[in-house]
Amino acid sequence: MRTLTPTLQFPAALRQQAQGIRAAIFDVDGVLTDGTIYISEAGESLKAFHALDGHGLKMLAQGGITPIVITGRDSPSVRRRLKDLGLVNAVFGVHDKLAAAEPLLAQLGVSWEQTAAMGDDWPDLPLLTRCGFAVAPANAHPEVKAVADHVSPLVGGHGAARECCDLLLWATGRYEALLRGHLQTLDTNSDGPKA
């Protein structure tokens, strides 16, 4: 079997900024999607999500960092995607994201300094300016990029959220163990197959 050495690297300064993160808040439109909203004749909104982002959110949870979704819109497609990913910390259809985040963080016992946030537009600014580590996708509004500790080279809905998850796992020292855990196969797992 080939040995696997992680190739992913970020600037060392980011490790210092993000190493104490215990929770990460993500916007939906423009972060977990590319911001395009398709509306059917019946009024149903459809969104496209990237599989890399979804796996990143699941890995974040496995790595001990709680993923949180706070979105200004509410739609069956978003609820379905989060349910499929097993994400339970979510607030939908809110205009004041700060007011939605504070009780959730208090319930989780996580301070703002221990929280990362990823957003792309003005409604996300109250979160990004209070959190310990702020991230923006490449397609974010200039005012959002100006307050971000890290601007992803990737756009929302196309791997930017995954890069944020990888960065947080790398900074907290959990990335390599999670990567190596994916090398396990059924024939090397003495516990037998897993569902």
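The values are calculated or read from the model by the stated rules, or taken from the named source; none is laboratory data. In this text the structure is predicted, and so the values were computed from the model without any measurement. Note that each Cβ is placed from the backbone with ideal geometry, even for glycine, and that neighbours are counted across all protein chains shown. Each accessible area value is taken on the protein alone, full model and side chains, heavy atoms only, with ligands, DNA and RNA left out. Shrake-Rupley method; radii C 1.70, N 1.55, O 1.52, S 1.80 Å.
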Filter result for Leu46 (more than 19 Å from Ala136 (Cβ to Cβ), over 17 Å from the mean Cα position of the chain (by Cα) and open to solvent by 60 Å² or more (accessible area, probe 1.4 Å)): yes
Those residues of segment 11-31 which are closer than 16 Å to Thr66 by Cα and not β-branched (Val, Ile, Thr), in sequence order: Ala18, Gln19, Gly20, Arg22, Ala23, Ala24, Phe26, Asp27
The listed residue being over 13 Å from the mean Cα position of the chain (by Cα), at pLDDT 95 or above, hydrophobic (A, V, I, L, M, F, W, C) and over 25 Å from Pro153 (Cβ atoms), out of Leu98, Leu82: Leu98
Matching residues, segment 90-100, being touching a strand residue (DSSP E or B) at 6+ places or on another chain (Cβ under 6 Å) and in a helix (DSSP H, G or I): Lys97, Ala100
Subset of segment 108-146 [part of a helix (DSSP H, G or I), free of Cβ contacts under 8 Å to residues at least 24 places away in the same chain and farther than 19 Å from Gly20 by Cβ]: Trp122, Leu125, Pro142, Glu143, Lys145, Ala146
Given (1) closer than 20 Å to Leu14 by Cα; (2) at pLDDT below 95, number of the condition Pro153 does not satisfy: (2)
Members of segment 102-122 that are surrounded by 14 or more Cβ atoms within 10 Å (Cβ to Cβ) and within 23 Å of Asp34 (Cα to Cα): Ala116, Ala117, Met118, Gly119, Asp120, Asp121
Per-region count, segment 147-174, residues open to solvent by 20 Å² or more (accessible area, probe 1.4 Å), among the small types (Gly, Ala, Ser) and over 19 Å from Cys131 (Cβ atoms): 1
Considering residues of segment 20-40 that are among the polar types (S, T, N, Q) and under 26 Å from His141 (Cα atoms) only, the residue surrounded by the most Cβ atoms within 10 Å (Cβ to Cβ): Thr33
Glu176 vs. criteria modelled with pLDDT under 95, at negative phi and of a type outside the set (A, V, I, L, M, F, W, C): yes
Selection status of Lys83, touching a residue at least 12 places away in the same chain (Cβ under 8 Å) and either among the basic types (Lys, Arg) or touching a helix residue (DSSP H, G or I) at 6+ places or on another chain (Cβ under 8 Å) (or both): no
Segment 168-181 residues that are farther than 8 Å from Ile65 by Cβ, paired with ones that are part of a helix (DSSP H, G or I) (beta carbon under 7 Å, 6 or more apart): Ala171/Leu14; Ala171/Arg15; Ala171/Ala18; Tyr175/Asp166; Tyr175/Leu169; Leu178/Met59; Leu178/Gln62; Leu178/Leu169
